Each structure stands twice: as structure tokens, then as C-alpha cells.
Amino acid sequence: MSPFALRSALALGLAALSAPALAGNFASCFTLTPGLSWSNGDETLTIEKAVFAGQDAIRVNSAGGGVGTASYYDASGRQFLGQERFGISAWGGDASKPVMTDIFKPAPTFPASAKPGDRFELAGKGQRTHHVEETVEPLDYDGFSDYTFVGFEDVEAEVGFQPRTFKDTCHVTATFEDNRIEAWYAAGFGRIKFERYVGNELLMRDEIESIDAE
């Protein structure tokens, strides 16, 4: 699995045109609020309305370490429409222009509803455009696909050095060979907490640390 595919899979908490919906609602966990911006310490994510592949969408801009991406989702936040990757400024690239664009049709999609213990799979196909090489090639979604909904959980976090509780987040887990991720999605924000394991060994963890605009 490529690092890009992993970022795509983890990024799937995404987007909606309205504020967070009812607590304890699976679909509401995957909404995002345009105008909201927050950071997990390594990267800053900014949510805004956009148009992608000819349709209204929500764009999540991610910036950190000189690398920028823009991930696009439908209004429900459950469909991952595609992604743009930009030039790496540290290597002399143009950080304002995409060097690669992925478009999925059909798009990997989280279900509209789920009960704790439910399993589901993400799948999708599309095309990848290399803007520098001027080539287009077929694309299969190769991110984490075998998901289980663990349940609704409150997440306690230190946000801006102040305690904050994110109520009724959706905790999902996904596996790929001996890799496992644990992710928590909060209505309006997307994925606010993430852990990755190989076997039982924790490889990485990130969590929301600050909110720049809400």
C-alpha cells in the first residue's frame, strides 16, 4: 500500500455543507463544516466548498512539512471523490499547482448507517492524471478497505491547551494484512484521532491539538 493510498483512506471523514447533525448518528460523523480549520501538530487541515470533476464538493486542504494535498468529497462526506497532490516546495516544486489528480467513479463510500459491530468494505475505480508527464492511467482504490464500526465514543482531547470533549464520535477500525488502524471521526471535523499498528505494536498516533477557525 502506498503512503498516498494510506493518507487517502485515513482522510475519509469528510465533508458536508451543514453543521454537525444529531448525536449518535453514524452518517453525521463524516460531515465537515466549511470554514473550519484545525491542526494535529504535523499538519493543518482547512475545509471549504469547491467544485471537483464538474460537481459541487467539499475540499479538505492539508498542509505540513512542505507537502500539500487537497481531498474532495461529496456533500454527505461519505464519498471520496478524489485528490490533488501539489509540488513539494522544499524540492523546488510549485506548491500552487497539482502535479497529480486522482478522480474516482465509482467513489469509495462509507455506508449511510451502521450499528456497532457492522463490517463494510470500501472500493472504487477511476483515473490518475500526471500533469507533468501529461499521462492518464486507470486507478484502483488501494487504501484500507475492510472496516468495522466499533461504536460511538466520546474523545477527550487537549485543544489549545484546554480540555475538550468530542461527543459521540464514530470509532472505526480497518485492517490490511498485518496492519491495523483505529480512527475516530467527529461531526464537522472529520478524523480527529488516529492510531496505526503492525500486529500489536503501535507505530504512530495523532490527535487534534488546536483549532484555528471554527
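The values are calculated or read from the model by the stated rules, or taken from the named source; none is laboratory data. Predicted, not measured: the structure shown is a model, and the values here were computed from it. So basically every Cβ, Gly included, is an ideal-geometry build from the backbone, and we count neighbours across all protein chains shown. Heads up: the accessible areas ignore ligands, DNA and RNA and are worked out on the full protein's heavy atoms, side chains in. Shrake-Rupley method; radii C 1.70, N 1.55, O 1.52, S 1.80 Å.
Descriptive notes on the structure:
- Surface share of carbon and sulfur [accessible, 1.4 angstrom probe, percent] for segment 97-179: 52 percent
- Mean separation of Cα pairs under 8 Å and 6 or more residues apart, divided by the residue count, gives the chain a relative contact order of 21 percent.
- Nonlocal amide H pairs with LEU36, under 5 Å, H built at 1.01 Å: ILE47
- Couplings 3J(HN,Hα) of segment 174-191, computed from phi: 9, 10, 8, 6, 9, 9, 9, 10, 10, 9, 10, 10, 10, 3, x, 10, x, 6 Hz, in residue order, whole Hz [Karplus 6.51 cos²θ - 1.76 cosθ + 1.60, θ = phi - 60°; x for Gly and Pro].
- Interchain or long-range residues, amide H under 5 Å from VAL159's placed H: ARG164
- In sequence order, calculated HN-Hα J values of segment 26-33 (Karplus, 6.51, -1.76, 1.60; Hz; x Gly/Pro): 4, 4, 5, 4, 9, 7, 9, 9
- The residues of the chain expose, per residue, 48 Å² of accessible area to a 1.4 Å probe.
- For segment 49-66, 3J(HN,Hα) computed residue by residue from phi via the Karplus equation (6.51, -1.76, 1.60; θ = phi - 60°) reads 6, 7, 10, 9, 6, x, 9, 4, 8, 10, 10, 10, 7, 10, 9, x, x, x Hz, glycine and proline entered as x.
- Whole-angstrom gap from segment 113-163 to segment 29-55, using each part's C-alpha centre: 14 Å
- Size of electric dipole in segment 102-192: Cβ of Lys, Arg +1 and of Asp, Glu -1, about Cα centre, debye, nearest 20: 380 debye
- The gain in end-to-end length when the SER37 to ILE211 segment is fully stretched comes to 62.0 nm, 0.36 nm per residue minus the alpha carbon separation.
- Which label in (1) 11.7; (2) 15.4; (3) 12.3 gives the computed mean projected area of the Cα convex hull in nm²: (1)
- For segment 106-214, the set of chymotrypsin sites (Phe, Trp or Tyr not before Pro) satisfying both a DSSP loop assignment and a count of at most 12 other C-beta atoms within 10 Å is given as PHE161.
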